[in-house]
Amino acid sequence: MNENLFASFITPTMMGLPIVMLIIMFPSMLFPSTARLVNNRLVSIQQWLIRMTAKQMMAIHSKKGQTWTLMLMSLIMFIGSTNLLGLLPHSFTPTTQLSMNLGMAIPLWAGTVILGFRHKTKASLAHFLPQGTPLPLIPMLVIIETISLFIQPMALAVRLTANITAGHLLIHLIGGATLALMNISMTTAFITFIILVLLTVLEFAVALIQAYVFTLLVSLYLHDNA
């Protein structure tokens, strides 16, 4: 039971070699560039969504922060498309791997922190000690703020991993329960099937929302430092 339950989270291999890199590169094929004067409807909708998301997310940033627009839009497109492709049957979702999510979160977080210490040194150091702090609490608050700073990339990665993994496990469990109940009670099986359909629709929304939340939090970290 446990082997079947977590089989979808095992890194796939081909002839003994991991093919996770091919899976990670596959979503980029879903966003083709075009050199046509007039784009088709699919590309037009895609570009409109990207422009709308970029305008909403980057409106609060300075000119220095807006230089991250391409990176953040690439990030949200990659995470969103990877999450959606992971909902297909017999597929693999790289964002269920904590190591991969940490590999995205740590460099982006480190980039925003380094940018802050480089261009806003006093403001970045001021975050470690709120104004008006009593003198006896200064060492404790500095330690707490330092820990909270280093927890940020872990929180980013764990949030994405937990939400995507929990959704896949629920779909797997309810799908197995539906198949088992078909031999016992068709009425109960039909009810669980409706729940499964609704949960699948919810997971489509969660896949996009988690991509947006991950990118938005990186954008907020950038806003605090840029």
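The values are calculated or read from the model by the stated rules, or taken from the named source; none is laboratory data. A quick note: this is a predicted structure, and the numbers were derived from the prediction, not measured. Every residue, glycine as well, gets a Cβ built from its backbone with ideal geometry; the counts of neighbours run over all protein chains shown. Just so you know, the surface numbers come from the protein's heavy atoms only, side chains and all, with ligands and any DNA or RNA stripped out. Shrake-Rupley method; radii C 1.70, N 1.55, O 1.52, S 1.80 Å.
Here Lys122 is the anchor, and the lysines within straight C-alpha reach of less than 23 Å, apart from those fewer than 8 places off in the same chain, are Lys63, Lys64.
What the chain shows is 63 Å² of accessible area per residue, with the surface traced by a 1.4 Å probe over protein heavy atoms. Among Leu98, Met73, Thr187, which residue has its Cα furthest toward the positive end of the charge dipole of the chain, with +1 on Lys/Arg Cβ and -1 on Asp/Glu Cβ? The one lying farthest along the dipole's positive direction is Met73. Between segment 182-226 and segment 47-110, what is the separation of their alpha carbon centroids in Å? With segment 182-226 and segment 47-110 each reduced to a Cα centre, they are spaced 17 Å. Beyond 32 Å, what share of the Cα-Cα pairs of the chain remains, rounded to the nearest whole percent? Here the long-distance tail beyond 32 Å is 36 percent of all Cα pairs in the chain. Per atom type, the chain shows carbon and sulfur on 73% of its accessible surface, probed at 1.4 Å.
Angle, helix 186-225 long axis vs. longest principal axis of the chain, Cα atoms, 0 to 90°, nearest 10? For helix 186-225, the angle is close to 20 degrees.
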